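The values are calculated or read from the model by the stated rules, or taken from the named source; none is laboratory data. Since we're looking at a predicted model, the values are computed, not measured. Positions of Cβ are backbone-derived with ideal geometry, glycine not excepted, and every protein chain shown enters the neighbour counts. When the accessible area is computed, the model is the full protein with side chains, heavy atoms only, and any ligands, DNA or RNA have been set aside. Shrake-Rupley method; radii C 1.70, N 1.55, O 1.52, S 1.80 Å.
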Amino acid sequence: MKLLIVTTFYPSYIRDFYAKHPGLAELSFFEQKAALDFDAFGWADYWSHALAPLGYDVLEVSHNVEQMQRAWAKENSLPDPAGIDIKEIALAQARKFRPDVLWFDDDNEDLLERVRTNVSSIKLVMGWIGSAVPQSTLWKKIDLILSCAPESVDYFSKQGLSATHINHGFDPRVNERLIQRDKTIDFSFIGQLLRFSNFHLKRCQILEKLSSRVPVSIFSPSEDIVWTKVDDARTQAMATAFEIIRMFRPLGVPNKIFRHLPIFKNVINFTEKPFSPVSLKLKPFIRPAVFGLAMFQVLRDSRVTLNIHADSSPLFASNMRLFETTGVGTCMVVDWKKNLHELFEEDKEIVTYKTVKECVDKVLWLLNHPNEREEIARAGQMRTLKEHTFDHRAQQLDNIIKNRMSNL
């Protein structure tokens, strides 16, 4: 079975990775891919490694890594490899590989259309989504949507689309690449802080309350945002104006009245309340973002790591951090969800909280009881290595693919 996985990397990660590896862009496609795979960003080569024993030939294409993709174009004699559209390179890779199954983990509808139309060997197209579902017509062009979030599976099922659940996992090879040293970070959080509805508003609120009681090292892309008290005051004024407009609109007050008022005219067409892109209360705790092995190293170097699900996951635990944190052997404190007991034993393999006060109390207790904390961390790691690796997920994915293919 041939499986083609098409995905993308964060542009900032690509830029920083190649900056840290001068000369890498001059090497072959496979040398560049090997370096990126070793860094363990995103899915890296997790699926190809786990699925190979099950008889799969997997090609992973991170189609926006231009340096690597253009190396492939040159090696395969594509015309004008330095100037060709990178989507054409991905299409050429798909044509040459001739996959039976396409796993499309991207939002580029045009590329999906090109690959599906021009690669006749494809019998099944799968997609991937987490808990936050972007509005797009792309989903209707996918045969089967995979998601780690039961909320998303339920959403698509109600839309009449085919969707199924599969959890994230952990690749134990990561541990072989980390430096084994004393833990130096008391309490960490790693993740995005996107202040939009259905993303991380609740996460930011929790961190704001928490940081006033327990210093937390927050590793996030938000560190790059330059934001002042003046910017914050302006955004708060716009938020107030938005709420006033929303209050008067049902009373029949026309928009033309607000168009003549400063601040109000800027938010008339807003569909949701504006928020500052970064919380000034959290700014002192935010450090530069970490990705790949650097992220895993921070997790491993932490005595306790906090996990807060996105606002789009109100019911079920589903994010990657569940298995990344436990996988490297660090004690995880995570917001309680009703399915967590199916994944880990609460307060023995992981630590859960339902309120900020409970979170503060448990974190302080864990930091003051190192033996008990490390016992929980070891138990969590054992559970992940026993049940939540990509080898385990590969078995499940194989069953999903074969069941779907048998019905074609």
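Just a few scattered comments:
- Scanning the stretch 104-128 for residues that are in a strand (DSSP E or B) and either out of contact with any Phe, Trp or Tyr (no Cβ under 8 Å at 6 or more places or on another chain) or open to solvent by 40 Å² or more (accessible area, probe 1.4 Å) (or both) turns up just one, Leu124.
- Of all residue pairs spaced 6 or more apart or on separate chains, those with beta-carbon atoms under 8 Å, a first member in the stretch 106-128 that is at pLDDT 95 or above and a second member that is among the small types (Gly, Ala, Ser) and assigned to a strand (DSSP E or B) are Trp128/Ser147.
- Taken as a whole, the stretch 314-321 holds no residue that is free of Cβ contacts under 8 Å to residues at least 60 places away in the same chain and surrounded by fewer than 24 Cβ atoms within 10 Å (Cβ to Cβ).
- Just one of the listed residues (Ser62, Ser77, Ser120, Ser136) is in contact with an Asp or Glu (Cβ under 9 Å, 6 or more places away or on another chain) and hydroxyl-bearing (Ser, Thr, Tyr), and it is Ser136.
- Glu31 meets each of the listed conditions (1) over 21 Å from the mean Cα position of the chain (by Cα); (2) surrounded by 15 or more Cβ atoms within 10 Å (Cβ to Cβ); (3) part of a helix (DSSP H, G or I) apart from (2).
- Test result for Thr330, surrounded by 19 or more Cβ atoms within 10 Å (Cβ to Cβ), modelled with pLDDT of 95 or more and more than 30 Å from Asp154 (Cβ to Cβ): yes
- Filter result (of a type in the set (S, T, N, Q), part of a helix (DSSP H, G or I) and surrounded by fewer than 16 Cβ atoms within 10 Å (Cβ to Cβ)) within the stretch 353-408: Asn368, Asn371, Gln395, Gln396, Asn399, Asn403, Ser406
- In the stretch 56-76, the qualifying residues are those that are part of a loop (DSSP other than H, G, I, E, B) and within 22 Å of Ser120 (Cβ to Cβ), and the one that is nearest to the chain's Cα centre (by Cα) is His63.
- Considered as a group, the residues in the stretch 180-209 that are in a helix (DSSP H, G or I) and open to solvent by 60 Å² or more (accessible area, probe 1.4 Å) include one that is modelled with the highest pLDDT, and that residue is Lys209.
- Any hit, the stretch 89-103, residues being in a loop (DSSP other than H, G, I, E, B), open to solvent by 40 Å² or more (accessible area, probe 1.4 Å), over 14 Å from Phe29 (Cα atoms) and of a type outside the set (Lys, Arg): no
- Among the residues making up the stretch 321-339, a single one is of a type in the set (A, V, I, L, M), outside any strand (DSSP E or B) and over 13 Å from the mean Cα position of the chain (by Cα): Val328.
- In the set (1) in a loop (DSSP other than H, G, I, E, B); (2) more than 30 Å from Lys2 (Cβ to Cβ), the condition left unmet by Ser318 is number (2).
- Answer from Ala44, Ala71, Ala90 - the residue that is of a type outside the set (D, E, K, R) and on the phi > 0 side of the Ramachandran plot: Ala44
- Residue within the stretch 129-140 that is hydrophobic (A, V, I, L, M, F, W, C) and part of a helix (DSSP H, G or I) present: yes
- Residue in the stretch 159-167 that is closer than 16 Å to Asn307 by Cβ, at pLDDT 95 or above and outside any helix (DSSP H, G or I) present: yes
- Scanning the stretch 136-179 for residues being over 20 Å from the mean Cα position of the chain (by Cα) and surrounded by 21 or more Cβ atoms within 10 Å (Cβ to Cβ) gives a total of 1.
- Test: residue in the stretch 340-357 that is under 20 Å from the mean Cα position of the chain (by Cα) and touching a residue at least 60 places away in the same chain (Cβ under 8 Å): yes
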